[in-house]
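The structure appears right after this line, and notes come after that.
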Amino acid sequence: MENLEFDLLYDVSENSTDNISEGSGEFDLEMQEPCERALSSNFNKIFLPTVYGIIFVLGIIGNGLVVVVMGYQKKVKTMTDKYRLHLSVADLLFVLTLPFWAVDAAKSWFFGSFLCVSVHMIYTVNLYSSVLILAFISLDRYLAVVRATNSQATRKLLASRVIYVGVWLPAMMLTVPDMVFARVLNTGSSNILLTDDSMETADSRTICQRIYPQESSLTWTVVFRFQHILVGFILPGLVILICYCIIISRLSQGAKGQALKKRALKTTVILILCFFSCWLPYCVGIFLDTLMMLNVVTTTCELQKAVETWISITEALAYFHCCLNPILYAFLGVKFKKTARTALTVNSRSSQKATLMTKKRGPISSVSTESESSSVLSS
């Protein structure tokens with residue numbers, strides 16, 4: 001569990017059953033007191049692999065479909081399509097790491113040092129990038145709806161170039177700690193302080209986690225946790241909330257196109273609720289756990305076990321967000337739904353291109369653009 005080790009929160013394995021302290025004995029004295037954790041341990045052995053398996057299957061199918069449809073469109077790609085493709089690639093790569101963590105949670109790490117570092121890096125870069133892309137999407141929607149008359153050049157710049165500097169580059173830089181600290185360790189041959197329930201399996205337990213220096217383990221853990229909460233939730237969350245609230249305010253004005261506006265408002269609210277419903281509970285859990293590490297909140301055995309269970313469940317809920325993106329496209333994106341249906345039928349490519357070009361040349365009202373753009377974007 002995260003609260004049993006001073007590790008970075010994205011390491012899914014830290015929520016695994018036989019987790020250890022990453023600081024080689026950095027537990028506070030009160031943490032060394034006996035606290036029965038067998039229930040949460042057995043719970044994670046079953047719960048985490050099951051949930052990760054479900055997310056993996058749904059994520060592969062949904063995001064794979066988006067990538068296929070985007071590829072089928074060939075040259076007819078809008079800025080919305082570009083963001084959608086970036087997001088699906090990030091989510092797709094993210095779910096590809098989940099089978100490794102599922103096996104680790106259920107039993108042990110069997111994949112060696114190279115894959116340990118590689119999976120950590122892939123996991124981190126795509127976890128960050130997917131959330132940051134959502135902020136870019138909301139900013140693009142703000143420009144399209146609120147600044148519709150003079151934002152085309154800015155939107156093109158954001159979608160074509162700035163996204164690499166504002167999303168992928170920072171996400172890749174944040175993998176540096178994985179390269180430095182992620183490693184494979186056999187708990188039976190180390191001097192790491194083990195939890196009570198992992199003692200009996202120490203001889204056969206191999207872990208793949210960030211192992212921080214003993215003297216500064218708590219500091220590293222707290223810094224990286226607050227880094228994730230800030231960069232992975234607070235900053236993109238504020239951008240999403242502010243942009244969509246302004247969009248809601250703009251769409252609520254005027255009487256023209258009420259039906260389309262009502263649908264766009266509903267879609268925008270769904271996007272906001274999806275993002276915060278998925279990520280807020282998890283960030284609250286790791287924030288509380290960090291305060292317990294720092295002795296800001298008095299720790300008891302009951303509270304410790306409750307926080308562990310909360311983090312395990314809400315972490316899985318947060319990861320389900322990568323499956324919601326294609327679902328939102330399918331049910332809310334009219335244009336995407338039609339394109340996907342065409343891509344999966346025997347209709348000719350020429351017919352599809354002609355249809356798309358006709359739509360592209362036809363007049364589209366600003367209200368219609370707002371509705372469609374909001375519909376196809378994920379939270």
How do the pairs read when you match residues in the range 285-297 that are at pLDDT below 90 and buried (at least 21 other Cβ atoms within 10 Å of the Cβ) with residues anywhere that are of a type in the set (S, T, N, Q) and outside any helix (DSSP H, G or I), using Cβ under 6 Å and keeping only pairs 6 or more apart or on different chains?
none
Is it true that some residue in the range 305-318 is surrounded by 20 or more Cβ atoms within 10 Å (Cβ to Cβ) and either within 26 Å of residue 248 (Cα to Cα) or in contact with a strand residue (DSSP E or B) (Cβ under 6 Å, 6 or more places away or on another chain) (or both)?
yes
Which ones in the range 140-163 are basic (Lys, Arg) and either surrounded by 15 or more Cβ atoms within 10 Å (Cβ to Cβ) or at pLDDT below 85 (or both)?
141, 147, 155
Taking the condition at pLDDT 90 or above and either of a type in the set (Gly, Ala, Ser) or surrounded by 17 or more Cβ atoms within 10 Å (Cβ to Cβ) (or both), does residue 51 pass?
yes
Check the range 174-181 and report whether any residue there is more than 24 Å from residue 213 (Cα to Cα), at pLDDT 90 or above and crowded, with 18+ Cβ neighbours inside 10 Å.
no
Here are the criteria: (1) modelled with pLDDT of 50 or more; (2) touching a Lys or Arg at 6+ places or on another chain (Cβ under 6 Å); (3) not polar (S, T, N, Q). Tell me which single one residue 71 does not satisfy.
(2)
Residue check, residue 203 at pLDDT 90 or above, of a type in the set (Asp, Glu) and not in a strand (DSSP E or B)
no
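The values are calculated or read from the model by the stated rules, or taken from the named source; none is laboratory data. In this text, all values refer to a predicted model and were calculated from it rather than measured experimentally. So basically every Cβ, Gly included, is an ideal-geometry build from the backbone, and we count neighbours across all protein chains shown.
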